[in-house]
Amino acid sequence: MNKTIVITGAAGKLGSHVAQSLIAANTNHTLRFASRDVAKLTAFKDAGHDITTADFDNADSLVQAFTGADVALIISGDAPNDVRIAQHRRAIDAAKTAGVTRVVYTSFANATPSSKFTFAAIHADTEAHLKASGLAYTILRNNAYAANLDGAIAGARENGVLAGYGAQGKVAYITHTNLGEATAAVLLDDAHAGRTYELSGEHAYDYADIAALLSESGKTVTVFEPTAQEAATKLAGFGLPDFLVEAIVSMGDATNAGEYTATSTDFVTLTGRKPTTLAEYLQA
């Protein structure tokens with residue numbers, strides 16, 4: 001049966017990877033790409049796909065975006081906790097009002113209120129609200145993006161020092177491309193209803209492991225970890241809002257506490273192939 005699949009946040013980095021994976025699947029399903037800024041979706045429109053506005057602060061826009069859809073992907077936004085919790089609840093409620101059959105939500109690894117990561121409380125609330133909604137659901141608990149390392153890796157290649165707060169903890173990083181592939185697989189198959197998947201790489205790495213990988217190219221790389229306060233001061237100097245500075249530093253706390261060490265084979269289950277290794281990501 002042909003379905004209509006809606007992807008919110010389709011102009012973002014994760015959303016665009018999901019979109020490309022869905023398009024590459026070359027199915028007969030109708031793909032509807034949504035964003036707060038619909039002008040960013042012009043390429044999808046030009047390729048013959050539906051585009052629409054979906055503003056998480058505007059319930060009417062969400063209902064309109066979801067109307068006629070069988071499956072909707074709600075990609076987590078970026079805002080202070082109280083704002084984002086309200087946004088996610090609004091999106092789920094709009095999906096229910098619009099008659100969506102199943103909602104897929106991009107959560108995060110260790111999405112528990114007890115996590116040291118401040119944003120974990122958002123994901124825990126959204127997961128609970130989705131489960132209580134009566135809608136069929138699939139929850140994707142994504143581990144940290146490999147791309148989160150890009151700035152530190154660039155610095156290490158330039159000056160030989162891999163620096164970052166949270167350097168001691170191991171993380172099972174996964175690429176945006178892999179997450180796009182796995183998310184598309186979940187959207188295309190309703191057999192995933194009622195499931196929660198942990199999406200991660202096959203191995204977990206701390207900064208010492210990453211420095212060793214970088215050193216294989218011939219230039220010795222060492223590790224430096226600032227204090228939490230030093231990290232916060234540097235982030236604030238970039239002009240980041242307080243809630244985001246707090247979140248990034250708290251993610252370092254969670255990393256050092258081992259919250260993102262666990263690996264999963266769910267990516268293999270969903271796609272039939274192994275995820276990109278961190279060594280492969282660094283080479284690319």
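The values are calculated or read from the model by the stated rules, or taken from the named source; none is laboratory data. Note that the coordinates shown come from a computational prediction; the quantities given were computed from them, not determined experimentally. Methodologically, a virtual Cβ is constructed for each residue, glycine included, from the backbone with ideal geometry; neighbour enumeration extends over all protein chains shown. These area figures cover heavy atoms from the full protein model, side chains too; ligands, DNA and RNA do not enter into them. Shrake-Rupley method; radii C 1.70, N 1.55, O 1.52, S 1.80 Å.
Summary of computed values
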{"item": "DSSP-assigned coil residues among chymotrypsin sites (Phe, Trp or Tyr not before Pro) in the range 85-160, each with at most 12 further Cβ atoms within 10 Å", "result": "none"}
{"item": "For VAL104, distant residues with modelled amide H under 5 Å away", "result": "ALA72, LEU73, ILE74, THR138"}
{"item": "Helical segments meeting 15 Å axial Cα length and Kyte-Doolittle 0.5 threshold in the chain (DSSP H)", "result": "13-25, 176-188, 242-256"}
{"item": "The range 188-282 shape via C-alpha gyration tensor axes, a/c threshold 1.5", "result": "oblate"}
{"item": "Whole-number accessible area per residue in Å² for the chain, which is evaluated in the context of all protein chains at 1.4 Å", "result": "44 Å²"}
{"item": "Karplus-derived HN-Hα couplings along the range 35-47 (A = 6.51, B = -1.76, C = 1.60, θ = phi - 60°), whole Hz, x at Gly and Pro", "result": "7, 4, 10, 5, 5, 6, 9, 4, 4, 5, 5, 5, 8"}
{"item": "Estimated translational D of the chain in µm²/s (Stokes, Kirkwood radius over Cα pairs; 4 °C; 1.567 mPa s)", "result": "66 µm²/s"}
{"item": "Carbon and sulfur %, accessible surface of the range 95-156 computed with the full protein complex present, 1.4 Å", "result": "55 percent"}
{"item": "Placed amide H near ASP50: partners under 5 Å, 5+ positions off or other chain", "result": "LEU31, PHE33"}
{"item": "Accessible surface of PHE238 - all protein chains present, 1.4 Å probe, nearest 10 Å²", "result": "140 Å²"}
{"item": "The range 188-221: GluC sites (Glu not before Pro) falling in loop per DSSP and having at most 12 other Cβ within 10 Å", "result": "GLU216"}
